[in-house]
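Here the structure comes first, spelled out in C-alpha cells, and everything after it is commentary.
The values are calculated or read from the model by the stated rules, or taken from the named source; none is laboratory data. All figures in this text were calculated on a predicted structure; none of them were measured in a lab. Note that each Cβ is placed from the backbone with ideal geometry, even for glycine, and that neighbours are counted across all protein chains shown. With ligands, DNA and RNA removed, areas are computed over all heavy atoms of the protein, side chains included. Shrake-Rupley method; radii C 1.70, N 1.55, O 1.52, S 1.80 Å.
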Amino acid sequence: ILPVEVTLTLNRGCETLGVAVTVTNTVTRHRLRVHLPTGIATDVNYAGQPYDVVTRTKVSQYNDDKTHPNTDFVGIDAPDGKSGFAVFNRGLYEYEHMTDADDGTLAITLLRAVHRITGGFEGETTMDQGWITPGGECLGVQHYELALYPYAGNHENAGVAALSQQFMSMPHTACQCVDRNKFSGGRPFVQAPGMPGVFTRELEHAGIVVPRNLTLFRVLDESVPDAMILSAFKGAEAMDGTQILRFYNSTSSPVDFSLKFFRRLVLAQETDLTEKPVRDLAVSGGNTVVLHAAPKQILTLRVKIKGSL
C-alpha cells in the first residue's frame, strides 16, 4: 500500500488549478508518475528549459528516448492552434508525452526510488553495482506541487512561460520587530525592551510611504510582456551600485519593447553574460529604454537608477 493524498485548489481570479500531492513512500525501486490526459491529440509538445522553450515530438528516433527534461513547465497545443494545456511544477524535471495514448496524456515523474546511481544488474558483485545510494529510495513523506493551466490559443500568445515563472516565484514576506527602536541602528547587542533608549537611532526613512502600485520598472508594450521573461534582477557582480536585469525571448519571433523605470536612469548599458559592457543604450524621457530582442535571444542590461533602491 502506497498512501497518496491529492489536494486540488482553485483560488478566486486564478487561471490555474493547484495540485498538491503528498506521498508516504514505503516502496523501494520504483517510479511514481501522475498521468494527465489532456484530450489533445498531437505529436508535438513543448517544455521550459534554461533561457528557452523547446519543442519536441513524442515519438523519438531513439528507441529508449521516451522521457525528457523540463525546468518548470510542459504542455501541448492543439493542432488548430485554438487551445492548449500546460502543467507547471516545482522541481519535477522529468516528463513523457505518452506514445501509447491518443488523448494527449502527459506523464510527470514524482519520484524515482533507486538504490544506486549507476552500473550493474541483479546478481553482480557489489563492486560491479555502482554507487549504492540508500537515500535515493526517497522513503518517507514526500510533497509535490503542480498547477494545471488550460488555455485558449497557443502557448506563446497564452503567456505560458511567463505564468510558469509566477508559479515558480512565490511571494516572500519580511517581518519587523514590534519595538521599532530595537535593531534599527547602533550596536547590535546590549539591547532589551527595558532599555529603549540605549544604542538606538531614529529610522532614516521612517516618513517615506511607498505607493501600492509602485514597480521598479514595467514593460510598456502591451503586446509583448509575456514574450520577454525576466530571469534575473540583482546587484552587479562589480558591487558598484548598478543593477543587472536579464531577459530572454521565449518565442521564435523578434520582439521590440520598452522598459520604463520608476526613477531617472543615470546609466543604461547592454552587457554580455559576464556583465561586460557591449553598448550604451539610449534613454528617452530620462527613464525609458527601447530594446530589441532577436528570436530566443538572452538580453542582459546594466542600469543605475538615480538615488538608492
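Leaving ligands, DNA and RNA out of it, report the carbon-plus-sulfur percent of the accessible area of the stretch 216-286 at a 1.4 Å probe. Result for the stretch 216-286: 52 percent of the exposed heavy-atom area is carbon or sulfur.
Protein heavy-atom accessible surface, 1.4 Å probe, per residue over the stretch 1-69: 66 Å². Rg/Rh for the stretch 1-60 (Cα atoms only, Rh after Kirkwood) is 1.05.
Measuring with a 1.4 Å probe in the full set of protein chains, what accessible area per residue, in whole Å², belongs to the stretch 205-272? Can you show the working numbers first?
Details: 3890 Å² over 68 residues.
Roughly 57 Å² per residue, with all protein chains present.
Across the stretch 246-309, Cα pairs under 8 Å and at least six residues apart give a relative contact order of 49 percent.
Once R0 is set to 41 Å, what does the formula 1/(1 + (r/R0)^6) return for the Cβ-Cβ distance between VAL27 and ALA162, expressed as a FRET efficiency to the nearest 0.05? Calculated value: 0.60. Only one residue of THR99, ASN25, GLY81 has its Cα farthest out toward the positive end of the dipole of the stretch 14-120, where Lys and Arg carry +1 and Asp and Glu -1 on Cβ, and that residue is ASN25. Work out the P(r) tail for the stretch 1-127: percent of alpha carbon pairs separated by more than 23 Å, whole number. That fraction is 43 percent.
Taking a sphere under 11 Å around the Cβ of THR288 and counting the other residues whose Cβ falls inside, with K and R at +1 and D and E at -1, yields a net charge of +3.
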